[in-house]
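Encoded as structure tokens, the structure appears first; notes follow it.
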Amino acid sequence: DTGVSQDPRHKITKRGQNVTFRCDPISEHNRLYWYRQTLGQGPEFLTYFQNEAQLEKSRLLSDRFSAERPKGSFSTLEIQRTEQGDSAMYLCASLGTGQGHHEQYFGPGTRLTVT
Amino acid sequence: QKEVEQNSGPLSVPEGAIASLNCTYSDRGSQSFFWYRQYSGKSPELIMFIYSNGDKEDGRFTAQLNKASQYVSLLIRDSQPSDSATYLCAVISPGGFKTIFGAGTRLFVKA
């Protein structure tokens, strides 16, 4: 257990529905990533926060995806109008403020199935 | 060309042997390099990081970085069946935010 938690752990939804996932990072960590991982692939970068600021977002994402980190603590990832291609594991990772240190610690993930 | 490339494997080694995992990356400006282990159905777990050219050892693990050749490797000495997993190579892009993962190499350690 890395100390990063994600909720829910599993989500089954019908195509067209909206879903929201939550990530609670390690308390003293100010940086947070969201990734998507499909079977047989490595995690794919979605977005990065430093404190409450979203500093980078993947160009691969459509406008259906949005992420927030309102108080620089927990973060949410919302997918609107889900499609079957959105079925994947959604991973959150956090890391601390140490300058020059980029070691990320992953949560257990949220597995999304779109039917 | 993929940004981070790994041989998908599977790589099969006998118990007690050295497992050698390799990774190449395309962006010469990349600064930080990581190896993660991922068991089936679980999330990635950080096992090694390396920022400078050369070798870095931690227990049974040694990471090797050659920036001139854009090559990172991971050696696992005295391999154990519990080391059987997918090993992911990850690279931080220039600018320090975006992390790019390879597709991973599956390792099987036979008892």
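Of the residues contained in the range B:80-103, none is found to be farther than 15 Å from B:Phe34 by Cβ, acidic (Asp, Glu) and more than 14 Å from the chain's Cα centre (by Cα). Scanning the range B:68-111 for residues that are under 19 Å from A:Glu103 (Cβ atoms) and among the charged types (D, E, K, R) returns a single hit, B:Lys98.
Of everything in the range B:89-110 that is closer than 18 Å to A:Leu95 by Cα and part of a strand (DSSP E or B), the residue that is farthest from the other protein chains (Cβ to nearest Cβ) is B:Val91. Does B:Ser32 satisfy being crowded, with 18+ Cβ neighbours inside 10 Å and modelled with pLDDT under 95? So B:Ser32 fits the description; yes. So which of B:Ser82, B:Ser52 is within 13 Å of another protein chain (Cβ to nearest Cβ) and surrounded by fewer than 19 Cβ atoms within 10 Å (Cβ to Cβ)? After ruling out the rest, the residue left standing is B:Ser52. For the range B:1-48, the strands (runs of 3 or more DSSP E) that sit wholly inside it and include 3 or more residues that are within 12 Å of chain A (Cβ to nearest Cβ) and touching a Phe, Trp or Tyr at 6+ places or on another chain (Cβ under 9 Å) are B:4-6, B:32-38. The sole residue among A:Ala53, A:Ala88, A:Ala93 that is free of Cβ contacts under 8 Å to residues at least 60 places away in the same chain, within 14 Å of chain B (Cβ to nearest Cβ) and within 28 Å of B:Ile50 (Cα to Cα) is A:Ala53. Among the residues making up the range A:1-36, a single one is among the hydrophobic types (A, V, I, L, M, F, W, C), away from every other protein chain (no Cβ under 14 Å) and farther than 15 Å from A:Phe65 by Cβ: A:Ile12.
The values are calculated or read from the model by the stated rules, or taken from the named source; none is laboratory data. The structure displayed is predicted, hence computed values, not measured ones. Because the Cβ atoms are built from the backbone with ideal geometry, glycine has one as well, and the counts that use them run over all protein chains shown.
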